[in-house]
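Asker: The structure that follows is given in the form of structure tokens.
What follows is calculated from the coordinates using simple rules that are stated; it is not laboratory data. None of the values given here were measured: they were computed from a predicted structure. Neighbour counts run over all protein chains shown; Cβ positions are idealised from the backbone, glycine included.
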Amino acid sequence: MEKNPDITPFSARPAGPSDVPALAELHAQSFAEGRWSSGQIAASLASPEAFAFLAQKEGAACGFILCRAAAGEAEILTFCVIPSVRRHGAGAALLSAAQKESQRRKASRLFLEVAADNAAAKALYEKAGFCVAGVRAKYYARQTGSVDALTMALEIPPA
Ligand SMILES: CC(C)(COP(=O)(O)OP(=O)(O)OC[C@H]1O[C@@H](n2cnc3c(N)ncnc32)[C@H](O)[C@@H]1OP(=O)(O)O)[C@@H](O)C(=O)NCCC(=O)NCCS
């Protein structure tokens, strides 16, 4: 995708229950399949183990990351940036915020699951230092067939 020089800087801030409608809208804009409803996002966010960050530019929400951390391990539950601002660092900034919060919550590893055909997300995770930890064969159903899921992990040093 071509970089758009008109895209302005953005910031990432913690997201909470009042952000659920915005998160659901971002999810709907970002994913062609497997969209999460407001109810699903609210239920995930309600857990004390959960945390989320919202990316904004000029006050407008453009992406978010939703994670949980428990028993020394953290996991990305869902993560997206809307198409119009991709390739300008929002995803990397959200991932970095999630890494720092995982560290603050004393997680020693951050896990995620990504479809094997999701080249953009895989490139982002590899650039951030994630390594493939496992494969779930034919995990995602697609209209054109099934796709493997890759489990990826990042070691997080103690704070
Ligand atoms: C994956 C996603 C969150 C990336 O967000 P983003 O804001 O575009 O990511 P960034 O701009 O921070 O990209 C950081 C790096 O990741 C890599 N990357 C990101 N998108 C890429 C693409 N389409 N092709 C190749 N590399 C890519 C690049 O190394 C990039 O650095 P660079 O732009 O300096 O080359 C976004 O594409 C998205 O929301 N996709 C749909 C939802 C999704 O797949 N979520 C993840 C589910 S596991």
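Asker: Restricting to DSSP H runs of at least four residues, report the calculated mean residue ellipticity at 222 nm for the chain, -39500 (n - 2.57) per run over all residues, nearest 500 deg cm²/dmol.
Answerer: -8500 deg cm²/dmol
Asker: Taking 0.36 nm per residue of separation and subtracting the Cα-Cα distance, what length does fully extending residue 106 through residue 141 add?
Answerer: 9.2 nm
Asker: Calculate, in nm to one decimal, what residue 132 and residue 57 gain on full extension: separation in residues at 0.36 nm each, minus their alpha carbon distance.
Answerer: Net length gain for the segment: 23.8 nm.
Asker: Work out the length of the dipole vector of the chain about its Cα centre, built from +1 on the beta-carbon of each Lys and Arg and -1 on the beta-carbon of each Asp and Glu, and round it to the nearest 20 debye.
Answerer: Dipole of the chain, to the nearest 20 debye: 200 debye.
Asker: Across the range 154-159, in residue order, what do the Karplus-derived ³J(HN,Hα) couplings come to in whole Hz, using 6.51 cos²θ - 1.76 cosθ + 1.60 with θ = phi - 60° and x for Gly and Pro?
Answerer: Listing the rounded values in order: 10, 6, 10, x, x, 5 Hz.
Asker: Continuing with the same structure: Output the pairs from 100/138; 106/138; 100/122; 100/127 with a Cα-Cα distance over 27 Å in this structure; if there are none, say none.
Answerer: 100/138; 106/138, as the Cα separations exceed 27 Å there.
Asker: Relative to the present Cα-Cα distance, how much length would full extension add between residue 29 and residue 92 at 0.36 nm per residue of separation?
Answerer: 20.8 nm
Asker: On to the next question. Quick check on the chain: take the gyration tensor over C-alpha atoms, sort the square-rooted eigenvalues as a ≥ b ≥ c, and tell me if it's rounded (a/c under 1.5), prolate or oblate.
Answerer: Rounded, since a/c falls under 1.5.
Asker: Moving to a separate point now. With θ set to phi - 60°, apply the Karplus curve 6.51 cos²θ - 1.76 cosθ + 1.60 along the range 64-70 and write out the HN-Hα couplings as whole Hz, x wherever there is a Gly or Pro.
Answerer: 7, 10, 10, 9, 9, 9, 7
Asker: Another question, then. With θ set to phi - 60° and the Karplus curve 6.51 cos²θ - 1.76 cosθ + 1.60, what are the ³J(HN,Hα) couplings of the range 33-44 in order, to the nearest whole Hz, using x for Gly and Pro?
Answerer: Ordered by residue, 3J(HN,Hα) equals 10, x, 5, 9, 6, 4, x, 5, 5, 4, 5, 5 Hz.
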